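Participant: Provided herewith is a single structure, encoded as structure tokens, for subsequent inquiry.
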Amino acid sequence: MKSIIITGGAGFIGSHVVRLFVNKYPDYHIINLDKLTYAGNLANLKDIEDKPNYTFIKADICDFDKVLEVMQQYKVDGIIHLAAESHVDRSIKDPFTFAKTNVIGTLSLLQAARLYWESLPEKYENKRFYHISTDEVYGALEMTHPEGIEPPFKTTASSGEHHVAYGEEFFYETTKYAPHSPYSASKASSDHFVRAFHDTYGMPTIVTNCSNNYGPYQFPEKLIPLFINNIRHHKALPVYGKGENVRDWLYVEDHARAIDTIFHNGTVAQTYNIGGFNEWKNIDLIKVLIRTVDRALGNPEGTSEELITFVTDRAGHDLRYAIDSTKLQTELGWEPSLQFEEGIEKTVNWYLNNQEWMDNITSGEYENYYNEMYSNR
Ligand code: NAD
Ligand code: DAU
């Protein structure tokens, strides 16, 4: 039996990874280690919480002694590390918390894994430390385009696949790190620590860098769930700047499947980029979202466009992210399963059918936080 710690399993992506592993691998013991910050929510895991191969432990990854104790107690062979502070806007207000959780927390996990695994007779054999990171560590891409062709234009990835892009450059596994926000700087730093533990101690590590995820159970401070909820309540939709920034969107279950594939078949010490070749300018995505929510609510499509409100831009707002995931697709055979319009429809329906989940988060303390954030823009 494999014993695996998934950190941050009560968060958005983590809950999908926990669910996938608990259901798909009944002979693995999945230990969800999560501090339950504002972003952690055990309601995300209601459907699997009673499974015999699942254990939840409320703990802070910065608590080295506790993490080491859990590893020893459960004889842990693998760690999939998702716990992090994840919201760029919060990192601009409070960078220290990001350095603490994302950098010191990751270092504390690495050091605990090192001490535990090095104490075993087999040491690092059949062990794995898999760190989940972000495309934001690569910085921002330009919107350059071939002469005479305005973006978005059709381009060809290194795999030969055709897709629509807003620029000629992409993030590759070899792209130099150039983080701009306190969030991405803290993630970049944690990625460096993970690689250093491989190079220095021989720990079997893997790092993956993924693009923007969307889907069920995302905390409603992030663009897509926030806007779905605001449309439902007929509240303003705060578009940063002119809505010109480009993000590359991947359905969260496709990310979870990629994590499964890489955890089992990825090569130690390698980096894999994960993304769906699915670039959208914010304002265009928002209009698709509005049409989809309007349709689902039985309103004429586009009615809610009147809620669009252009607000002060995010400081240091990265212009464009675009992941080239050819390596993962060709070496490990992973590919995204959903077209974006299909994914957005599924996502909108999920939030509208799970209003209690949303209302439990957005009532009370969080509502005050959001109103304060919004009024300061
Ligand atoms: P999230 O904010 O929804 O969840 C984070 C989880 O980590 C929460 O359950 C929280 O309680 C837990 N956590 C935070 N601090 C902790 C601590 N000190 N100790 C233990 N648990 C702690 O985040 P998410 O969007 O699901 O992102 C998960 C991971 O994936 C992060 O590492 C993030 O950088 C990365 N990532 C996210 C995206 C995205 O689009 N959301 C894309 C690429 C990579
Ligand atoms: O690229 C991967 C990253 O994607 C992850 O590493 C982060 O954890 C995750 O939060 C996400 O970061 P973004 O900053 O891209 O996501 P967010 O949902 O906050 O914003 C998406 C875009 O929408 C971004 O260009 C900012 C803009 N935006 C966001 C909000 C919340 C708005 O215009 N208005 C808003 O109210």
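Participant: Residues that are touching a strand residue (DSSP E or B) at 6+ places or on another chain (Cβ under 9 Å): which helices (runs of 4 or more DSSP H) entirely in segment 284-377 hold 3 or more of them?
Facilitator: 326-332, 340-353
Participant: Taking the residues in segment 21-44 that are among the hydrophobic types (A, V, I, L, M, F, W, C) and touching a Lys or Arg at 6+ places or on another chain (Cβ under 7 Å) as candidates, determine which candidate is farthest from ligand 1 (Cβ to nearest atom).
Facilitator: 22
Participant: Just to check your reading of the model, which residue among 115, 110 is open to solvent by 40 Å² or more (accessible area, probe 1.4 Å), aliphatic (A, V, I, L, M), under 23 Å from residue 207 (Cα atoms) and at pLDDT 95 or above?
Facilitator: 115
Participant: Hey, another quick one. Condition check: within 28 Å of residue 279 (Cα to Cα), part of a strand (DSSP E or B) and modelled with pLDDT of 95 or more. Does residue 131 satisfy that?
Facilitator: Here the answer is yes, as residue 131 does meet what is asked.
Participant: Sticking with this one: If the requirement is being farther than 16 Å from residue 238 by Cα and within 11 Å of ligand 2 (Cβ to nearest atom), which of these qualifies: 338, 319, 332, 285?
Facilitator: 319
Participant: Next question. What are the pairs, 6+ residues apart or on separate chains, where a residue within segment 232-253 that is over 25 Å from residue 336 (Cβ atoms) and open to solvent by less than 60 Å² (accessible area, probe 1.4 Å) has its Cβ under 7 Å from a residue that is hydroxyl-bearing (Ser, Thr, Tyr) and away from ligand 1 (no atom under 16 Å from the Cβ)?
Facilitator: From segment 232-253, the pairs are 236/309; 237/309; 238/309; 238/374; 239/309.
Participant: Those residues that are more than 12 Å from ligand 1 (Cβ to nearest atom) and either under 18 Å from residue 314 (Cβ atoms) or free of Cβ contacts under 8 Å to residues at least 60 places away in the same chain (or both), I need them from segment 206-231; list them, please.
Facilitator: Residues satisfying the conditions are 226, 227, 230.
Participant: Still on this model: Can you name every residue in segment 182-211 that is surrounded by 22 or more Cβ atoms within 10 Å (Cβ to Cβ) and in contact with an Asp or Glu (Cβ under 8 Å, 6 or more places away or on another chain)?
Facilitator: Scanning segment 182-211 gives 183, 184, 186, 187, 207, 209, 210, 211.
Participant: Please go through segment 335-345 and give me each residue that is surrounded by 15 or more Cβ atoms within 10 Å (Cβ to Cβ) and over 18 Å from the mean Cα position of the chain (by Cα), ordered by number.
Facilitator: If the condition is that a residue be surrounded by 15 or more Cβ atoms within 10 Å (Cβ to Cβ) and over 18 Å from the mean Cα position of the chain (by Cα), then 345 is the only one that fits.
Participant: Hey, another quick one. Residue 43 passes all but one of (1) touching a residue at least 40 places away in the same chain (Cβ under 8 Å); (2) crowded, with 21+ Cβ neighbours inside 10 Å; (3) in a helix (DSSP H, G or I); which number fails?
Facilitator: Among (1) touching a residue at least 40 places away in the same chain (Cβ under 8 Å); (2) crowded, with 21+ Cβ neighbours inside 10 Å; (3) in a helix (DSSP H, G or I), the lone unmet condition for residue 43 is (2).
The values are calculated or read from the model by the stated rules, or taken from the named source; none is laboratory data. In this text the structure is predicted, and so the values were computed from the model without any measurement. In this analysis, Cβ positions are derived from the backbone assuming ideal geometry, glycine residues included, and neighbour counts consider all displayed protein chains. Note: areas computed on protein heavy atoms with side chains; ligands, DNA, RNA excluded. Shrake-Rupley method; radii C 1.70, N 1.55, O 1.52, S 1.80 Å.
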